[in-house]
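Engineer: Handing you a structure now.
The values are calculated or read from the model by the stated rules, or taken from the named source; none is laboratory data. Since we're looking at a predicted model, the values are computed, not measured. So basically every Cβ, Gly included, is an ideal-geometry build from the backbone, and we count neighbours across all protein chains shown. For accessibility, only protein heavy atoms count, side chains too; no ligands or nucleic acids. Shrake-Rupley method; radii C 1.70, N 1.55, O 1.52, S 1.80 Å.
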Amino acid sequence: MGNILIVEDDDNIRKLVTVNLSKRGYDVFESGDGNQAMSLFRQKTFDLVLLDLGLPGMSGVDVCIWIRARSDVPIIVLSGMRDEELKVTALDAGADDYITKPFGHEELLARVRAVLRRATPHTSELGREKVQIAGLTIDFETRRVRVGDEDISLTKTEYALLVELANHPDAVVDHNTLLGRVWGPQYRDANHYLHIYLGRVRKKLGVHGDLLETIPGVGYRLQFNKKADS
Ligand code: CA
């Protein structure tokens, strides 16, 4: 079913999550701090990381940055009520989702399932192998995105968003549809996710960032007919 790494210094929470996820068939590996997490991460391949933000020593945000520098494994942040700012920093650093403590186990399971489902590579629904707009190339077969001659590195969530927009050439995809398709049906009202993630994709597209058009209050559009020099 998948290897899950949980990084959490609160023994009770860590054990409870481990027991509950193990019961559902996941292989769970436990770590109480960032150093242990990094050493486990070097030894094994994980399908998902559950990451507490308030850790002793190395912070959860730094662990997130460290993981993102070497892997696009999905990361769900476990954040305390008071970690509001940290949570946004973690999402900015490449986390895919967050859940606020205390959380119910069904809620956590739903997030885990949604993120793992999202992690499966998306393909073009239009039957194309690639899309090329101005200097931007999305290659659906190899999952590579290039700006000019350079490969850019997108997380799975960022890539899924871009593909979802590319599947609707020049059409506005509304907030609900994007959230439902990329994050899952229970996220339909979470508009702030789009703001954060599309902002990041736009930044990574560099000079072609403006191909991603925001339609305020409605949704987003990937402009297929934009010329390279316009
Ligand atoms: Ca903690």
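Engineer: Rounded if a/c is under 1.5, else prolate if a/b is larger than b/c, else oblate: which is region 1-69, with a ≥ b ≥ c the root eigenvalues of its Cα gyration tensor?
Structural biologist: Values: a/c = 2.19, a/b = 1.30, b/c = 1.69.
Note, shape of region 1-69 comes out oblate.
Engineer: Still on this structure, I have one more. If exposed GluC sites (Glu not before Pro) are those in a DSSP loop with at most 14 other Cβ within 10 Å, what is the longest stretch of the chain that has none?
Structural biologist: 1-124
Engineer: Using DSSP to define loop residues, name the trypsin sites (Lys or Arg not before Pro) in region 69-116 whose beta-carbon has at most 14 other beta-carbon atoms within 10 Å.
Structural biologist: Details: sites: ARG70, ARG82, LYS87, ARG111, ARG113; in loops: ARG70, ARG82.
When the trypsin sites (Lys or Arg not before Pro) of region 69-116 are filtered for loop state and at most 14 Cβ neighbours within 10 Å, ARG70, ARG82 remain.
Engineer: Express the relative contact order of region 3-119 as a whole percentage, based on alpha carbon pairs under 8 Å and six or more residues apart in sequence.
Structural biologist: For region 3-119, the relative contact order is 23 percent.
Engineer: Sticking with this one: Assign one of three labels to region 75-173, namely rounded, prolate or oblate, based on the Cα gyration tensor with a ≥ b ≥ c the square roots of its eigenvalues; rounded applies when a/c is under 1.5, prolate when it is not and a/b is larger than b/c, and oblate otherwise.
Structural biologist: Prolate shape, in that a/c is at least 1.5 and a/b is the bigger ratio.
Engineer: Averaged per residue, what accessible area in Å² does the chain show with a 1.4 Å probe, protein chains only? Each step should come with its number before you reach the end.
Structural biologist: Details: 10890 Å² over 230 residues.
Value returned for the chain: 47 Å² of accessible area per residue.
Engineer: Sorted by accessible area (1.4 Å probe), largest first, how do PHE224, PHE140 line up? Working shown, then result.
Structural biologist: Values: PHE224 40, PHE140 15 Å².
So the residues, ranked largest to smallest area, are PHE224, PHE140.
Engineer: Same structure again: Rounding to the nearest 20 debye, state how big the charge dipole of region 3-119 is about its Cα centre with +1 on each Lys and Arg Cβ and -1 on each Asp and Glu Cβ. All intermediate terms of the calculation are to be shown ahead of the outcome.
Structural biologist: Working: 15 positive and 19 negative charges, 95 e Å.
Rounded to the nearest 20 debye, it is 460 debye.
Engineer: Would you rank MET38, MET1 by solvent-accessible area, highest first, keeping every protein chain in place and using a 1.4 Å probe? Intermediate results must be reported in sequence, preceding the final value.
Structural biologist: Working: MET38 25, MET1 150 Å².
Sorted descending by solvent-accessible area, the residues read MET1, MET38.
Engineer: Is region 3-119 rounded, prolate or oblate when judged by the Cα gyration tensor, a ≥ b ≥ c being the square roots of its eigenvalues, rounded requiring a/c under 1.5 and prolate requiring a/b larger than b/c?
Structural biologist: rounded
Engineer: Name the residues whose placed amide hydrogens come within less than 5 Å of the amide hydrogen of ILE152, ignoring near sequence neighbours (fewer than 5 apart) on the same chain.
Structural biologist: Residues meeting the amide H criterion: VAL145, ARG146, VAL147.
Engineer: ILE13 accessible area, nearest 10 Å², 1.4 Å probe?
Structural biologist: 40
Engineer: Oh, and also: Going by amide H atoms built from the backbone, whose H comes under 5 Å of the H on LEU53, apart from near neighbours?
Structural biologist: Correct list: LEU78, GLY80.
Engineer: Taking 0.36 nm per residue of separation and subtracting the Cα-Cα distance, what length does fully extending LYS15 through LEU116 add?
Structural biologist: Here the answer is 34.2 nm.
Engineer: Mean residue ellipticity at 222 nm from the helices of the chain, using -39,500 (n - 2.57) per DSSP H segment of n ≥ 4 over the full residue count, to the nearest 500 deg cm²/dmol?
Structural biologist: -11500 deg cm²/dmol
Engineer: Of LYS15/LYS204; LYS44/LYS130; LYS15/LYS101; LYS87/LYS226, which pairs sit farther than 26 Å apart, going by alpha carbon to alpha carbon?
Structural biologist: The pairs that break the limit, which is 26 Å between Cα atoms, are LYS15/LYS204; LYS44/LYS130; LYS87/LYS226.
Engineer: On the principal axes of its Cα set, how long, how wide and how thick is the chain? Give whole Å, largest value first.
Structural biologist: Result for the chain: principal-axis Cα extents of 55, 34, 32 Å.
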